[in-house]
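Enquirer: Supplied in structure tokens, the structure appears directly below.
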Amino acid sequence: MEIFLSYKVEDRHLAAMIKHRLELEGHAVFLAHEDIEPSNDWSEAIRKHLESCSAMIAVVTSNFRTSEWTNQEAGIMMAMGKPIVPLVFGSSKLLPGFLKEIQALSLNHIRCLVLNG
């Protein structure tokens, strides 16, 4: 089972910590900034992993809604009927679009995720 991490580029370090934690638990995780080889077509790689993954974790910060890609990634996952788990850092009012309809896991900061796992 592969988990697709959706995040805004400014949150890539936070997403990398989440990926590391999930891999310690035995999950395969796709993180674009780490898993797409230089010179590869990044948009094709993202589409491929959206199709092959089993679930998505949306790393929702104040940056998330400003990305033109994160909403599209979530929309593709919803259209395919795949589960999405929004991890919300900060206010739950940050959830954009249809993600507002999904129960989110609210975290105050990354220490909750790393230390309590």
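What follows is calculated from the coordinates using simple rules that are stated; it is not laboratory data. It should be emphasised that the depicted structure is a prediction, and the values quoted were computed from it without experimental measurement. Positions of Cβ are generated from backbone atoms using ideal geometry, with glycine treated the same way; all protein chains shown enter the neighbour counts.
Enquirer: Please compute the contact order of the chain in relative form: average sequence separation of alpha-carbon pairs under 8 Å and at least six residues apart, divided by the residue count, as a percent. Provide the component values of the computation, followed by the final result.
Expert: Values: 173 pairs, mean separation 31.9, N = 117.
Computed value for the chain: 27 percent relative contact order.
Enquirer: Same structure again: If amide H atoms are built 1.01 Å from N in the plane of the peptide, which residues on other chains or at least 5 residues away come under 5 Å of the amide H of residue 56?
Expert: The list, which skips near neighbours in sequence, is 4, 84, 85.
Enquirer: In addition: How high is the FRET efficiency between residue 9 and residue 41 when r is their beta carbon distance and R₀ equals 25 Å, given to the nearest 0.05?
Expert: Working: r = 17 Å, r/R0 = 0.70.
Calculated value: 0.90.
Enquirer: Could you work out the Kirkwood radius for region 1-64, taking every pair of different alpha carbons, averaging 1/r and inverting it, reported in Å?
Expert: Numbers: mean 1/r = 0.0835 Å⁻¹.
Averaging 1/r across every pair of different Cα atoms and inverting gives 12.0 Å.
Enquirer: Taking Rh as the Kirkwood radius computed over C-alpha pairs, what is the Stokes-Einstein D of region 2-115 at 25 °C in a medium of viscosity 0.890 mPa s, expressed in µm² per second?
Expert: Values: Rh = 14.1 Å.
My calculation gives 174 µm²/s for D.
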